[in-house]
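The values are calculated or read from the model by the stated rules, or taken from the named source; none is laboratory data. Just so we're clear, the structure is a prediction, and the values are computed from it rather than from any experiment. We place every Cβ from the backbone using ideal geometry, glycine too, and count neighbours over all the protein chains shown. Keep in mind that these areas ignore ligands, DNA and RNA; they rest on the heavy atoms of the full protein, side chains included. Shrake-Rupley method; radii C 1.70, N 1.55, O 1.52, S 1.80 Å.
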Amino acid sequence: MDILYTKDVDTICLVSSDCDFTPLVTRALADGKFVIGFGERKAPSAFVNSCSTFLYLDEIETEKKIVNKKEASIKCDTKLINMLRQAVESAEEDDGWAALGSVGTHIANHASFDPRNYGFKKLSDLFTAIDLFELKRSNSKITWVRDRKKAKQKEVSIPITIQNAGFDSFKKHIYCVAES
């Protein structure tokens, strides 16, 4: 605690899997510090979620062995999927696409999240592995993401009137699909 008052520190790193450090994290965040937590998977969620970023150290050792298993299991992680969908929805533009950088910023502001905790170096790799989202790169090297499920829901039925040479008007339904 003395360091908070005697030194000009922007970032604090804590290596622990113990929730006893949660008050320290909360205090550091209240003072405007960025707190990076490191610990094992057994770390309490209160401590993990209170950190600005939390990296699981036990994942580094086993990362290479279970990458394929992780790709299958992340699709079943409803908390992760919901968090990603909410982040894309909050950052999306009128066409349904969201800049990946904005999505990452939204996630960072609302949760202690790092794609490395799921076995991926980059957020775009995580989105690709989940396969529930579409990714594209623009000419300006910006990566865009959108929810496949939401994109399919944009199909709409629009009644229109067609004049048929001398016959009465009749209505037909034409399905319009949002352009990707």
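Over 31 Å apart at the Cα level, from the set Lys33/Lys150; Lys33/Lys149; Lys122/Lys150; Lys79/Lys152; Lys7/Lys122; Lys42/Lys149, are Lys33/Lys150; Lys33/Lys149; Lys7/Lys122; Lys42/Lys149. A full extension of the chain between Asp77 and Phe34 corresponds to an added length of 12.8 nm, given 0.36 nm per residue minus the alpha carbon distance.
Accessible surface of Phe120, taken over heavy atoms with a 1.4 Å probe and every protein chain present, rounds to 20 Å². Length gained on full extension, Asp94 to Lys136, computed as 0.36 nm times the residue gap minus the Cα-Cα distance: 13.5 nm. Sorting Ile142, Ile12 on solvent-accessible area from highest to lowest, probe radius 1.4 Å, gives Ile142, Ile12.
Largest to smallest in accessible area, the residues Ser140, Ser50 fall in the order Ser140, Ser50 (1.4 Å probe, all protein chains included).
The calculated FRET efficiency for the pair Lys42 and Asp125, based on their C-beta separation and a Förster distance of 22 Å, comes to about 0.30. Against the criterion of solvent-accessible heavy-atom surface with a 1.4 angstrom probe, Val15, Val48 sort, most first, into Val15, Val48.
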